[in-house]
1. Provide the packing ranking of 8-14, 365-371, 122-128, 38-44, i.e. peptides ordered by the mean count of other C-beta atoms within 10 Å per residue, highest first.
2. Which one, Thr320, Gly307, Gly247, projects farthest toward the positive side of the charge dipole computed for segment 178-332 from Cβ point charges (K/R +1, D/E -1)?
3. Rounded to the nearest 10 Å², what accessible area does Phe359 have for a 1.4 Å probe in the complete protein model?
4. Check the straight Cα-Cα distances from Lys290 and name the aspartates and glutamates below 15 Å, setting aside those fewer than 8 residues away within the same chain.
5. Considering the options Asn221, Ser294, Ala256, tell which one lies farthest towards the positive end of the dipole of segment 162-314, charges being +1 on Lys and Arg and -1 on Asp and Glu at the Cβ, about the Cα centre.
6. Would you mind calculating the relative contact order of the chain from Cα pairs under 8 angstrom and at least 6 residues apart, reporting the percent as a whole number?
7. Could you state the angle between the C-alpha long axis of helix 26-43 and the longest principal axis of the C-alpha atoms of the chain, as a value from 0 to 90 degrees rounded to the nearest 10?
8. Pop out the carbon and sulfur fraction of the accessible area of segment 44-109 as a percent, whole number, probe 1.4 Å.
Amino acid sequence: MDINDTQQWQRPLIDDRLTPYIEVDAVRLEQNLQHMQRKASAAGVALRPHIKTHKSVWIAQRQLESGAQGITVSKPSEGISFIQGGVRDLLLAYPIVQPQSVAELLRLAVQHQVKVTLIADRLQGVAAIADACQQQPDCELAVAIKVDVGLHRIGVNPDSDEAVLIAQALRDRGLRFAGLVSHAGHAYGAGNAAAIADVARQERVLMQRLQAKLQAAGFANCPISVGSTPTALAAEIAPCISEIRPGNYALLDLTACRLGLSHVNQLAMSVITRVVAVNDHFAIVDAGSKMLSSDKGPHGTNASGFGIAADETGHSYEVTKLSEEHGFLLYHERRPEVGTLLRIFPNHSCAVMAQSDGFILRHASGHSEEHAVSARGNFI
């Protein structure tokens, strides 16, 4: 990724609304969705995209129409937004430790006949889920066991007997066991595509070994679901995998480019901003941390700045500093004029989408339409 390569950054900028705002390129979005769906279909696995990246019911519906077999959500309130938006099959990829946290989600799932999969990584979670199900006995619900494959965030130790104990507890409580799920988020810190592919291989080995242990304990039906855009893009999908759950692939961002997983021309999301001041030190734009977030990339990628801004000719500037409503650009010999429209490619698309109420879908013709960030603020 060369910041001085004007051709890769060059895109038309249409001055038809107030700035700043998120723009999603309709053609690039569709290409990204179809690429991942083709990869999943060719491998014979289910695609269950994680919608935390875009939080948009409209984009989720495009993913489902393209062949996705359900969605993944981060929090119960996020799942509620998507049930209300028409989704009928979802995995909540967050540990449940108290029954009231999923009470409304399960109530709506029964009302709308939604298939729900929850996760557990400890016996306390099994008890909480069982208590919640007593209030909604008609819910079509299953529980998967979350496995820690290296991120060390949540999940059972794959080399321990925790998973077998949890599966037995699920059976004893009358809950359907849905197999194993993992998230190799530490792949973001691997640095390059080859190292990320090795993380995917290690994940497969751990998951297969634990699958065999569960099958030996009497849990013959034990599918494996893995979720991470880096591993999904960098590695082939192993035959033992039943489902993949990437999220960031829909929009992509500079992190994916720095890891060698995508090109700038594949980035579907950007922030349109305007130069509001220029001084001897910086050009100042109207997109600050409340628009771009202060994210330098997930799980240890840590970029030097907060994104790359480009004008319509493709000349680029690094966003080196942020305050709440202002971005600071280094401009060196090419000083932008006040009023100039710029496009900022952010480090982390998920963090940026979560900060806005909506986005502009821009078609190749220049025509645009507004869509809601449906699950904005759904953090519980």
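The values are calculated or read from the model by the stated rules, or taken from the named source; none is laboratory data. Nothing here was measured: the structure is a model prediction, and the numbers come from that model. No Cβ is skipped: glycine too gets one built from the backbone with ideal geometry, and neighbour counts run over all protein chains shown. To get the accessible areas, we keep the full protein, side chains included, count just its heavy atoms, and leave off ligands, DNA and RNA. Shrake-Rupley method; radii C 1.70, N 1.55, O 1.52, S 1.80 Å.
1. Ranked by mean Cβ neighbours within 10 Å, highest first: 122-128, 8-14, 38-44, 365-371.
2. Gly247
3. Ignoring ligands and nucleic acids, Phe359 comes out at about 0 Å².
4. Glu324, Glu325, Asp357
5. Asn221
6. Relative contact order comes out at 23 percent.
7. 30
8. C and S atoms contribute 49 percent here.
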